[in-house]
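Asker: Okay, handing you the structure first.
The values are calculated or read from the model by the stated rules, or taken from the named source; none is laboratory data. The model shown is predicted, which means the values in this text are computed figures rather than measured ones. Virtual Cβ from ideal backbone geometry, glycine too; neighbours counted across all protein chains shown. For the accessible areas, the whole protein counts, side chains as well, though only heavy atoms, and no ligand, DNA or RNA atoms are used. Shrake-Rupley method; radii C 1.70, N 1.55, O 1.52, S 1.80 Å.
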Amino acid sequence: LRGNYPSSRLHFAFHPRLRLKSAVQAARSNEAALDEALDEEYDLAVVGGGPVGVKSALEAASLGRRVLLIDAPELGQPLAVDGEDLGFGGPTGLFSKALRDVAKTVSISALRQMGLSDNSIWNEVRLQCAQLAAANARNSREELKAAGVVVLCGCARFSGKSLRFSSGIGARAKKVHASKVLLATGSKPFHPPGIPFDGKRILDSDTINLLGFLPCSVAITGSGVVAIEFAKIFRKLGAEVSLLIRSPSPIRALVRTGMDIDVAATLIKDLVSSGIRVEKNCEVVSFDVPDLTKPVQLSLGAPGGSKRPPGTTCLLKVDAYLAAIGREPNVADLEVENAGIDCDKYGNIILSGPTMQTSVSHIYAAGDVVGRPFLASTGVAQGISAVRHMFGCAYGSKVGISANTSGSIEDGSLAASGDAFDPGSIASNPFAFPNSIWSSPEVAYFGLSLPQAQSRGINASESLALYEQCLRGVVFSPLGLLKLVFEKPSGQLLGVHIVGDDACELIHYGMELVRAGRTIYDILSNTYSAVTFHELYQIAARAGVDGKAARRQRAKGPEATKRKRAKLQLTQS
């Protein structure tokens, strides 16, 4: 052994006293490095290691600022392997996106036929998800290191208006010297009373990452983005899925979120046709959670706790239950009240204006901590806007929807970017960002729906193209549609709504068309590559010019009979 290994390594491996001494020396070295980092003067301290915190730190570093980023992995997503925080730099939905992609490529039934156990299959699925998350986390750390951003793992809290850092529970808190502070600590799942969350079989949209087995049956409460995404994921993984919705109409529940009614109907139709059981007008009134060898029993009632009508399901037995019913900001551990930072009754940090400043002028906030829409993309936009404001930097360009179409847009700044971008009003602004749902099929939309346009007094119309009307759709994926909403008679685009494969990619072209004030006639004058989904834009634009001809073409399509039957079933439901 001594011929192959240095003696010092052998001593470290076999002598406990020397190993303890080395550990103490390492701890002292780490403490010295920590003290040195905290003695530095920083232009900006970012609290939070998610996508908002990381991108904001990189933006400040690109402006030549000295930046410190503080991350508390134990307070974030419970996704770690060998002590490595796999959620670093990643959005809340990273695990679901990774699980979705794995579910699309792994055939559970084929693996079972090969004789693999469910435990082996699930371990392989989780391993692939962890590898995807780890690649993102490592890339984020490398970017920060290359930019010169100092990263510390630990807890940040306010003592008065000063930010203090501690490396862990019981550790001494030390002052952070920073002229500006950006809070980007994200959010956590909302836990209503009465649900016995245990992180094993009664799960939320974060602890679902810790599910230790491949369930044969899953019940999911919720009608939003997260609930629908996980419903399709677990169905793809071979589980029997029950989606529990309080609303009497799942389509109307989606429409209330801003989704187009035809897009919502297509999405619900796909859920039902894929075998997902949609239980409407219900909620779980009690839980019976036995040991792991027995199923969880869910007693169902009408919203409010009353009994369901005769003939409806009142008891479900499942392997796992997921509550996907909203999120709330991660602010409690920051002790923001010590700094005088104002929050609303839901815990969201209140902003003093579009600059993303809080009630304390040198402290800013961005992302989920300020409330809806709880999207990584909008949070990053808010964070970058905050950084550029705090350091007096401007993009130097203003781009927005033109207001030259008989009052179609009341305020050109609704779609503004650059200096005119208002990140504070992003949740109520239909032109601020594209909405995307990573279900199967995907859903994405931007701008106004027809009812929204008409409610603004706009003389508007809509036209659509079915995926089966373009060659790529016929060959690869006939389920889906693309809808254009436009002002009459100019044809200026007001909104784009898509459901189908690659919808979350296609929407960005539609977003630029809307924001640039393009018309359906501009689309018709363009040339699109053959066998691409972008041909759908031209088909929909042509339908806007000659609606009768378009309806006749769709009525003769190969899927027309199936659509009529599905529409009848949805109407009856």
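Asker: Based on this model, can you work out whether K175 counts as in contact with a helix residue (DSSP H, G or I) (Cβ under 9 Å, 6 or more places away or on another chain) and open to solvent by 60 Å² or more (accessible area, probe 1.4 Å)?
Answerer: Yes, satisfied.
Asker: (1) open to solvent by less than 10 Å² (accessible area, probe 1.4 Å); (2) over 19 Å from P329 (Cα atoms): which one isn't true of T358, the others all being true?
Answerer: Answer for T358: the failing condition is (2).
Asker: If you don't mind, another one. Do any residues in segment 196-220 that are over 23 Å from S120 (Cβ atoms) have Cβ atoms under 6 Å from those of residues that are among the polar types (S, T, N, Q), where the two are at least six apart or on different chains, and which pairs are they?
Answerer: Once the first residue is over 23 Å from S120 (Cβ atoms) and sits in segment 196-220, its partners that are among the polar types (S, T, N, Q) give D206/Q77; A219/S242.
Asker: Okay, moving on. Looking at segment 28-55, I want the residues that are of a type in the set (D, E) and at pLDDT 80 or above and have a partner that is part of a helix (DSSP H, G or I) and buried (at least 22 other Cβ atoms within 10 Å of the Cβ) with Cβ atoms under 7 Å, at least 6 apart or on another chain. Which pairs are those?
Answerer: If the second residue must be part of a helix (DSSP H, G or I) and buried (at least 22 other Cβ atoms within 10 Å of the Cβ), the pairs left are D43/A60.
Asker: Pick from segment 465-506 the residues that are surrounded by fewer than 24 Cβ atoms within 10 Å (Cβ to Cβ) and aliphatic (A, V, I, L, M): which of them is nearest to the chain's Cα centre (by Cα)?
Answerer: Here the residue is L506.
Asker: Okay, next question. Are any residues in segment 340-379 among the β-branched types (V, I, T) and assigned to a strand (DSSP E or B), and if so, which ones?
Answerer: Across segment 340-379, the qualifying residues are I349, I363.
Asker: Please verify whether D522 is free of Cβ contacts under 8 Å to residues at least 40 places away in the same chain and either closer than 25 Å to K104 by Cα or out of contact with any strand residue (DSSP E or B) (no Cβ under 8 Å at 6 or more places or on another chain) (or both), treating the condition exactly as stated.
Answerer: Judged against the criteria, D522 is a match.
Asker: Sort out which residues of segment 286-321 are open to solvent by less than 70 Å² (accessible area, probe 1.4 Å), at pLDDT 90 or above and among the charged types (D, E, K, R), and write them in order of number.
Answerer: The answer is D319, and nothing else.
Asker: Among the residues of segment 71-91, are any open to solvent by less than 50 Å² (accessible area, probe 1.4 Å), modelled with pLDDT of 50 or more, over 20 Å from the mean Cα position of the chain (by Cα) and among the β-branched types (V, I, T)?
Answerer: no
Asker: If a residue has to be free of Cβ contacts under 8 Å to residues at least 24 places away in the same chain and within 23 Å of the chain's Cα centre (by Cα) to count, how many in segment 344-378 make the cut?
Answerer: Of the residues in that region, 3 qualify.
Asker: Tell me the residue from A98, A156, A147 that is crowded, with 18+ Cβ neighbours inside 10 Å, touching a Leu at 6+ places or on another chain (Cβ under 8 Å) and either modelled with pLDDT of 80 or more or charged (D, E, K, R) (or both), please.
Answerer: A156
Asker: Considering only strands (runs of 3 or more DSSP E) fully contained in segment 208-285, which possess at least 3 residues that are of a type outside the set (K, R) and buried (at least 22 other Cβ atoms within 10 Å of the Cβ)?
Answerer: Qualifying strands (runs of 3 or more DSSP E): 217-221, 240-244.
Asker: Give A381, A403, A394, A460 a once-over and let me know the one that is modelled with pLDDT of 80 or more, touching a helix residue (DSSP H, G or I) at 6+ places or on another chain (Cβ under 8 Å) and farther than 30 Å from S477 by Cβ.
Answerer: A381
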